[in-house]
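Note sheet for the following structure.
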């Protein structure tokens, strides 16, 4: 029988063709990452086998997972999506800000070592408990969407190129007359502050703009409809 090993904090858990491994904040998960960290979804994900393939499934309704292997150093797995597992894979689950480490998020890391390949059945619900800190209660205004669309227009077309994110000056020009770089900066920094307080991982500090882009795109809060509302490029 095929099996996959999931390692967390030095402990090893075995997923088989008939017994998946779940992980998250809830104590009912196979791997309880941290029952007190409300930055983690109650059930964050599952490693399971189906139709001859091993899959990592993001079971969360609110938070992405970060996946990396020898082919992709950083890949965002959006909520309610799945990722095939055919090589050793590192899964990062972000938690709440750590007040003792410059506000950086607690990170919970699992190593998945597959012995085969899977398709996943997504869960219809999550176990009861305190709501997950996710930032989804932070609503973007029309001005927020306009600023983000101008900044991230090219990045949305090619998310592998972080350099395609515009500068504040470039975004202000893209929006049109009467908009200044300072206005765009204030809008984005205010949004980052709100999201950070609401528990969104690493939207402040190093690589903050990339994390902000990943969040607003993969949470569905910024779409190509917002880009289409911009004035036509000059």
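The values are calculated or read from the model by the stated rules, or taken from the named source; none is laboratory data. Everything numeric here is computed off the predicted structure, so don't read it as measured data. Please note: Cβ atoms are built from the backbone with ideal geometry, for glycine as well, and neighbour counts cover all protein chains shown.
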Report the residue count in the range 172-225 for those that are free of Cβ contacts under 8 Å to residues at least 24 places away in the same chain, assigned to a loop (DSSP other than H, G, I, E, B) and within 14 Å of residue 151 (Cα to Cα).
3
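A quick yes/no check of all residues on (1) touching a residue at least 12 places away in the same chain (Cβ under 8 Å); (2) in a loop (DSSP other than H, G, I, E, B); (3) closer than 17 Å to residue 89 by Cα:
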site	(1), (2), (3)
5	yes, no, yes
14	no, no, yes
37	yes, yes, no
43	yes, yes, no
54	yes, no, yes
60	yes, yes, no
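Would you confirm, using the coordinates I've provided, whether residue 49 is touching a residue at least 12 places away in the same chain (Cβ under 8 Å), within 19 Å of the chain's Cα centre (by Cα) and not in a loop (DSSP other than H, G, I, E, B)?
Values: touching a residue at least 12 places away in the same chain (Cβ under 8 Å): yes; within 19 Å of the chain's Cα centre (by Cα): no; not in a loop (DSSP other than H, G, I, E, B): yes.
Answer is no for this residue.
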Might you let me know whether the range 59-73 holds any residue that is in contact with a helix residue (DSSP H, G or I) (Cβ under 7 Å, 6 or more places away or on another chain) and on the phi < 0 side of the Ramachandran plot?
yes
Can you tell me how many residues in the range 56-73 are modelled with pLDDT under 85 and within 17 Å of residue 221 (Cα to Cα)?
4
Hey, residue 169 surrounded by 15 or more Cβ atoms within 10 Å (Cβ to Cβ) and either at pLDDT 75 or above or closer than 26 Å to residue 45 by Cβ (or both) or not:
no
What is the residue count in the range 16-35 for residues that are in a strand (DSSP E or B) and either buried (at least 20 other Cβ atoms within 10 Å of the Cβ) or in contact (Cβ under 8 Å) with a residue 12 or more places away in the chain (or both)?
6
Among the residues of the range 79-96, how many are assigned to a loop (DSSP other than H, G, I, E, B) and modelled with pLDDT under 80?
1
